[in-house]
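Just so it is clear, none of the values below were taken in a lab; they were calculated from the coordinates. All figures in this text were calculated on a predicted structure; none of them were measured in a lab. Methodologically, a virtual Cβ is constructed for each residue, glycine included, from the backbone with ideal geometry; neighbour enumeration extends over all protein chains shown.
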Amino acid sequence: MSGKRNYEVGYGKPPRQTRFQKGRSGNPNGRKKGSRNFNADLDEVLEARVPIKENGQYKTVSSQQAALMRLREKALQGDQKALDRLVILAQQRSEEKEAQSAERILTEAEDVILQRFEAGLLARTVTGVQKPDGEEGENDG
């Protein structure tokens, strides 16, 4: 070992002169400012408006909606892959709706209990009581 350094060098402890310098990035050529990720690009593409002809009339819809309409059209014409994909999408959406509707709604009695509890907490806060569960507060001995 050299007599000049008085610190340990080894695994996870590189020599000081080779460590990252303060104020200097470890990746100076990193991601450019304003560059976008895949999800941002995908959202933009799916939201882009495209003209379609439906029932003899032109209208503009989002690319996402146009793709779904095209999938529906193919499924109704007998394309088995399109039908399978449409059924899978419909099933996933149905499960999502079911999960959202399954969120529990409080009964009137439960709502009253929560309101009393909230009022009790507010009252304790105003009077300065520290811990309602038996722990010592500031004034306890």
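Quick notes on this structure:
- Counting Lys and Arg as +1 and Asp and Glu as -1 over every other residue whose Cβ lies under 10 Å from the Cβ of A82, the net charge comes to +2.
- ³J(HN,Hα) computed for each position of region 108-118 - Karplus, 6.51 cos²θ - 1.76 cosθ + 1.60, integer Hz, glycine/proline x: 4, 5, 5, 5, 4, 4, 5, 5, 5, 4, 4
- Rounded to the nearest 500, the helix-only mean residue ellipticity at 222 nm of the chain stands at -15500 deg cm²/dmol, with each DSSP H run of n ≥ 4 adding -39,500 (n - 2.57).
- Cα gyration tensor shape of region 38-89, rounded if a/c is under 1.5, else prolate or oblate by comparing a/b with b/c: oblate
- Sequence-separation-based contact order of the chain, relative, with Cα cut under 8 Å and 6+ spacing, percent: 8 percent
- 3J(HN,Hα) along region 102-107, derived from phi through the Karplus expression 6.51 cos²θ - 1.76 cosθ + 1.60 where θ = phi - 60°, amounts to 7, 4, 6, 9, 5, 6 Hz, with x in place of Gly and Pro.
- The gain in end-to-end length when the V112 to S94 segment is fully stretched comes to 3.2 nm, 0.36 nm per residue minus the alpha carbon separation.
- Option label - mean projected area of the Cα convex hull in nm² computed here, alternatives (1) 8.4; (2) 25.3; (3) 11.1: (2)
- Summarising the label geometry, the points placed 7 Å from Cα in the beta-carbon direction at Q17 and M69 lie 7.0 nm from one another.
- Dipole-positive endmost among L121, L42, T107 within the chain (Cβ charges, Cα centre): L42
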